[in-house]
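Shown next, in structure tokens, is the structure this report addresses.
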Amino acid sequence: MEGRTLMFGVGATKAGTSWLHRYLCDHPQCDLPVIKELHYFDRIDAPHLEKELTRLATVRANLLAESLMAKGRKAARLNARIDEVEAWIDVMKRGAIEHDAYLAFLGRNADAGTRLVGDITPAYGLMEEAVLARMAEMAPDTRFVMLLRDPLDRLWSNLRMMAGWRLKDGEEVGEKANRLFDRMLRGKEAPVIERSDYTGMLTRLGNVVSKERLHIEFYETLFTPDAVTRICRFLGLDVADAAFDRRVHASPPATLDPKFAPQARDLLLPHYDYVLGLMGDMPARWHQNREVLT
């Protein structure tokens, strides 16, 4: 890691982390794994490790099956992806004892021009302070990037994504997503509520990561030259061209039932106020949705 920056992208879910991952993967001064969301720090210990190894084995098997029918450049990309997944499985099998294997994996394709390696896993924003502190000490120059999206928009996008995963024959995404919203308000979708807790995430990060090592960017301004310039300067990179019109893993469209917005007030309003106090201002979309909730 000498002479290189180690970056952690810590969230939030459905806030543009996939787009940022693609941008940095394409950047000539970066070496990021093709695998987004390595989930090293949140799944390396029991009881999560065995389940994660099973999931990775399934990913590998699916890639192998797809590669059998592929040709040319697609076959080459799939084979490279299979090699990376296999290398990552080897790292995870070592468990939490040997973090050197994790760092070696992050920099395994680095060359003399590589300034930055990293791991973008939004779930790291949910880690306890002790874990975040350990992450911050993993390299001489470790930096964190957190992307924030309007709380109501982020939550609704998250639920639409989940609805798409759980959709059964004859169901529509909008109907399913609104049912999930109702379940969440009744306390039956706890992980979704955790991912909405900007106050907790930013408080834990602020307690263990110095201000000069943490960059916060809003999703609503992310797809602009100014935001990319800020991120690159923070990470010590030259500014490279970006595909601002590219959207990655967009959730299926659906309309939130207006009756739920007032019910989400107690859940989300404190996070609007916390971010406003921390950042001094918020994008217009945040102010608009905050008014809806009040």
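Protection proxy ranking of 271-284, 246-259, by the mean of other Cβ atoms within 10 Å over each peptide's residues and highest first, is 271-284, 246-259. Dipole orientation for the range 1-132: of the candidates MET92, PHE41, ALA61, ALA61 has the Cα lying most toward the positive pole (charges on Cβ; Lys, Arg +1; Asp, Glu -1).
What the Cα convex hull of the chain gives, in volume per residue, is 152 Å³. Packing order of peptides 142-148, 108-114, highest average first: 142-148, 108-114 (average count of other Cβ atoms within 10 Å over each peptide's residues). Summing Lys and Arg as +1 and Asp and Glu as -1 over all other residues whose Cβ lies under 12 Å from the Cβ of LEU49 gives a net charge of +1.
Straightening the chain between ARG265 and LYS71 buys 64.6 nm, computed as 0.36 nm per residue apart minus the Cα-Cα spacing. Site-free segments of the chain were taken between GluC sites (Glu not before Pro) in DSSP loops having at most 16 other Cβ atoms within 10 Å, sites themselves excluded; the longest one is 173-294.
Listed by chain and number, the lysines whose alpha-carbon sits under 22 Å from that of LYS176, ignoring those within fewer than 8 places in the same chain, are LYS14, LYS168, LYS188, LYS259. Between ASP257 and ALA190, the C-beta separation translates, for a Förster distance of 22 Å, into a calculated FRET efficiency of about 0.55. Based on C-alpha pairs under 8 angstrom that are at least 6 apart in sequence, the range 141-294 has a relative contact order of 35 percent. What whole number of Å gives the distance from the Cα centroid of the range 248-274 to the Cα centroid of the range 1-16? The two parts, judged by their Cα centres, are 26 Å apart. Normalised by 2.2 N^0.38 Å, with N the number of residues, the alpha-carbon radius of gyration of the range 34-178 equals 1.24.
Taken together, the values in this text are just the output of simple stated rules run on the coordinates, not laboratory data. Everything numeric in this text was worked out from a predicted model, so none of it was measured. As a convention, Cβ positions derive from the backbone with ideal geometry for all residues, glycine included, and neighbour counts pool all protein chains shown.
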